[in-house]
Amino acid sequence: MAAAKIRWGELDEDDDGGDLDFLLPPPVVVGPDANGLKKTIHYRFDDDGNKVKVTTTTRVVKLARTRISKAAVERRSWAKFGDAATGDDASARLTVVSTEEIFLERPRAPGSKADEPSASSDELATANKGTALMVCRSCGKKGDHWTAKCPYKDLVDTLDRPPTSDGPAALNDPAKSSYVPPRLRKDAVYQDGGHDMRRRNDENSVRVTNLSEDTREPDLLELFRAFGPVSRVYVALDQRTGSSRGFGFVNFVQREDAEKAISKLNGYGYDNLILHVEWATPRPSN
Amino acid sequence: MRPILMKGHERPLTFLKYNRDGDLLFSCAKDHTPTVWYADNGDRLGTYRGHNGAVWSCDVSRHSARLITGSADQTAKLWDVKTGKELFTFRFDAPARSVDLAIGDHLAVITTDSFMGNMPTAQVKRIADDLQDQTEESALVISGITGRINRAVWGPGNRTIITAGEDATIRIWDSETGKLLKESDKEVGHQKAISSLSKSLDWSHFLTGSLDKSAKLWDARTLTLIKTYVTERPVNAVDISPTLDHVVIGGGQDAMNVTMTDRRAGKFEAKFFHKILEEEIGGVKGHFGPINALAFNPDGRSFSSGGEDGYVRLHHFDPEYFNIKM
């Protein structure tokens, strides 16, 4: 904070330095305020003749005051005795202040008990609230019931079967009497249920990489649910250490939401890293 | 808070005691030398050399002039607190376990273990002002208890003596006649050996800790159970806060099992409970072994714990401690 230079003409040649101090503003002391902070401002010239403002902030701390009985004060001056009287280094090293800060650990942090259930119910709430999530795969009705509880299940079954069960029916020829996997059997409720389930997992699935180690599933949910209802969040964890492996998946109910999330969050700075968000590629083996 | 660690003992701690002004802390351990420390900064003031066995407990007179210690070398000794000089030795035919000075410091109750066929006893000794008059004679001998007496203390007004020990029963005796006055209810009382007993500041009630993983608060006159604090570790040490409605309970799994399990399974914290609500306030970690001794400073601003690990940890509470709301 150098102020304007003093012109050389103004300088007195005879006594350089010392006497110039009268040109400086007087020192100012501000405080101490409620937090014990005291500001001292004074000015000086540096080597080049620049005026320098020096602000020193100090904290004034009141030392704890205790009452000690006279006897205790007298005991302070007692000579050491026994093993302590040797006065060597070993004796002094017996007492050390812990390098570790120890806290009185509350059985539950204030408010934490209330937080935990709310977080989980939150997740649940989004699942229930997003009635769009509840899509019956038998009748295609939205938000009314789950597939397993479809009242039109039998109806749909018979309607659906003739076209889809053509192949399996041939396989299921009693004459051949070979083993037929349950899902290919004629009376199977879900003709290609297994396949369907797997596909559902990959649907609108977004892969997020370059996650920081501290990121957990709730964090990811928090980040992604802004774009629309999320059906699944998964963060890959190292099985041995339990720490994050730095990537995860988020499934959206709506494909458009997933697209939006990818366009917005790819390259987004999260924690200290830049996220890489893309469509998840389906597993090659299945 | 940053506790002060005092490593003056080479063996597990057995007992801690503050003097009345709270400026000195006396520690007893299974090594043979009780030690006195300054309670504010943990500086070692001195040691009391002379015992030849584990020292189980100690007590200090009101004006911090004399210290009495009970040891497994079958003696109890009187010491000059200031110089560490041994003043007198009470000899017994069994290890001395617990010592406690009465109000006025002219009487002491000392318990002896069962040993070589002897029954455990609690003996009252007179403490003379002038050492010339000091005798070894017992003013009263209480016997008839089976199992070790882990703690014997004076009741309100020196009228009674309260004993507690391995048989899980608390008994109140008349200190004049030695007659048994009251016995704790077996139903509501402790189920396993009582390891520790600590009086409240006004001696109106006291707290016992037991291996049955609980601590119980009792009325010192009527011996009615007031409160029970349930924890998940065997309790070795208890104390009552002199200023707040808090009690501290310490212990941990048996020392012989410590190396077989994870450190966290040991539960070597000192647990704070609300005295009235019986609710846990918090825990203070730090020891590497079970806690054997606990003591509040008489000013209530600090407490110390002694562990099987040989350390005394002196904790000065943070300001937040005094504003804890339940």
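Taking residues in the range B:308-321 that are in contact (Cβ under 8 Å) with a residue 12 or more places away in the chain and more than 30 Å from B:A54 (Cα to Cα), and partners anywhere that are open to solvent by 40 Å² or more (accessible area, probe 1.4 Å) and of a type outside the set (S, T, Y), the pairs with Cβ atoms closer than 7 Å and at least 6 places apart or on different chains are B:F317/B:R301.
Applying the set (1) part of a strand (DSSP E or B); (2) open to solvent by 60 Å² or more (accessible area, probe 1.4 Å); (3) among the hydrophobic types (A, V, I, L, M, F, W, C) to B:V188 leaves exactly one unmet item: (1). Taking the range B:272-326 as the range and being part of a strand (DSSP E or B), open to solvent by 10 Å² or more (accessible area, probe 1.4 Å) and in contact with a Lys or Arg (Cβ under 7 Å, 6 or more places away or on another chain) as the test, the residues that pass are B:E280, B:H316.
Name every residue in the range B:157-172 that is open to solvent by 10 Å² or more (accessible area, probe 1.4 Å), of a type outside the set (S, T, N, Q) and in contact with a strand residue (DSSP E or B) (Cβ under 9 Å, 6 or more places away or on another chain), in order of residue number. B:R159, B:E166, B:D167, B:A168, B:R171 - these are the residues of the range B:157-172 that are open to solvent by 10 Å² or more (accessible area, probe 1.4 Å), of a type outside the set (S, T, N, Q) and in contact with a strand residue (DSSP E or B) (Cβ under 9 Å, 6 or more places away or on another chain). Within the range A:11-43, the residues that satisfy the criterion of being modelled with pLDDT under 70 and of a type in the set (D, E) are A:D12, A:E13, A:D14, A:D15, A:D16, A:D19, A:D21. Here the range A:76-104 is the region considered, the condition is being facing chain B (nearest Cβ under 9 Å) and open to solvent by 80 Å² or more (accessible area, probe 1.4 Å), and the residue that is modelled with the lowest pLDDT is A:R93.
Residue-wise test of (1) modelled with pLDDT of 85 or more; (2) surrounded by 12 or more Cβ atoms within 10 Å (Cβ to Cβ).
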residue: A:R199; (1), (2): no, yes
residue: A:N204; (1), (2): no, yes
residue: A:E217; (1), (2): yes, yes
residue: A:L223; (1), (2): yes, yes
residue: A:A226; (1), (2): yes, yes
residue: A:G242; (1), (2): no, no
residue: A:F249; (1), (2): yes, yes
residue: A:Y268; (1), (2): yes, yes
residue: A:N272; (1), (2): no, no
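For the range A:43-65, the set of residues classified as surrounded by fewer than 11 Cβ atoms within 10 Å (Cβ to Cβ) and either over 46 Å from the mean Cα position of the chain (by Cα) or within 11 Å of another protein chain (Cβ to nearest Cβ) (or both) consists of A:D46, A:D47, A:D48, A:A64, listed by residue number.
Scanning the range B:97-109 for residues that are under 14 Å from B:A152 (Cβ atoms) and out of contact with any Asp or Glu (no Cβ under 8 Å at 6 or more places or on another chain) gives B:S98, B:A102, B:L107. Quick one: which strands (runs of 3 or more DSSP E) sit completely within the range B:46-109 and have at least 3 residues that are away from chain A (no Cβ under 11 Å) and open to solvent by 20 Å² or more (accessible area, probe 1.4 Å)? Because the criterion is at least 3 residues that are away from chain A (no Cβ under 11 Å) and open to solvent by 20 Å² or more (accessible area, probe 1.4 Å), the strands (runs of 3 or more DSSP E) in the range B:46-109 that meet it are B:86-91. Quick check: is even one residue across the range B:244-260 among the polar types (S, T, N, Q) and under 26 Å from B:F115 (Cβ atoms)? The answer is no, given that none of the residues of the range B:244-260 is among the polar types (S, T, N, Q) and under 26 Å from B:F115 (Cβ atoms). Only residues that are more than 7 Å from chain A (Cβ to nearest Cβ) and over 16 Å from B:C58 (Cα atoms) were counted in the range B:1-28, giving 2.
Among the candidates B:S175, B:S138, B:S114, the residue that is modelled with pLDDT under 95 and crowded, with 21+ Cβ neighbours inside 10 Å is uniquely B:S175. Of all residues in the range B:269-326, how many are hydrophobic (A, V, I, L, M, F, W, C) and within 12 Å of another protein chain (Cβ to nearest Cβ)? The qualifying residues number 12. Only one entry in B:L225, B:L211, B:L180 is open to solvent by 40 Å² or more (accessible area, probe 1.4 Å), touching a Pro at 6+ places or on another chain (Cβ under 7 Å) and over 25 Å from B:D299 (Cα atoms), namely B:L211.
Among the residues making up the range B:29-45, those that are more than 18 Å from A:V96 (Cα to Cα), more than 9 Å from chain A (Cβ to nearest Cβ) and either touching a Phe, Trp or Tyr at 6+ places or on another chain (Cβ under 7 Å) or surrounded by fewer than 24 Cβ atoms within 10 Å (Cβ to Cβ) (or both) are B:K30, B:D31, B:H32, B:P34.
Would you confirm, using the coordinates I've provided, whether B:A128 is in contact with a Lys or Arg (Cβ under 6 Å, 6 or more places away or on another chain), open to solvent by 10 Å² or more (accessible area, probe 1.4 Å) and not hydroxyl-bearing (S, T, Y)? Taking the combined requirement at face value, the residue does not satisfy it.
A count restricted to the range A:242-262 and to residues that are farther than 14 Å from A:A280 by Cα, outside any strand (DSSP E or B) and not acidic (D, E) stands at 5. Condition test on B:R148, is it touching a His at 6+ places or on another chain (Cβ under 8 Å) and either over 26 Å from B:A65 (Cβ atoms) or surrounded by fewer than 21 Cβ atoms within 10 Å (Cβ to Cβ) (or both)? For B:R148, the condition - touching a His at 6+ places or on another chain (Cβ under 8 Å) and either over 26 Å from B:A65 (Cβ atoms) or surrounded by fewer than 21 Cβ atoms within 10 Å (Cβ to Cβ) (or both) - is not met.
Checked against (1) in contact (Cβ under 8 Å) with a residue 40 or more places away in the chain; (2) among the aliphatic types (A, V, I, L, M); (3) not in a loop (DSSP other than H, G, I, E, B), B:V141 passes all but a single condition, namely (1). Within the range A:213-245, the set of residues being of a type in the set (D, E, K, R) and in contact with a helix residue (DSSP H, G or I) (Cβ under 8 Å, 6 or more places away or on another chain) comprises A:R225, A:R232.
The values are calculated or read from the model by the stated rules, or taken from the named source; none is laboratory data. Quick caveat: nothing in here was measured; it's all calculated off a predicted structure. Neighbour counts run over all protein chains shown; Cβ positions are idealised from the backbone, glycine included. What goes into the accessible areas is simple: the full protein's heavy atoms, side chains included, and nothing from ligands, DNA or RNA. Shrake-Rupley method; radii C 1.70, N 1.55, O 1.52, S 1.80 Å.
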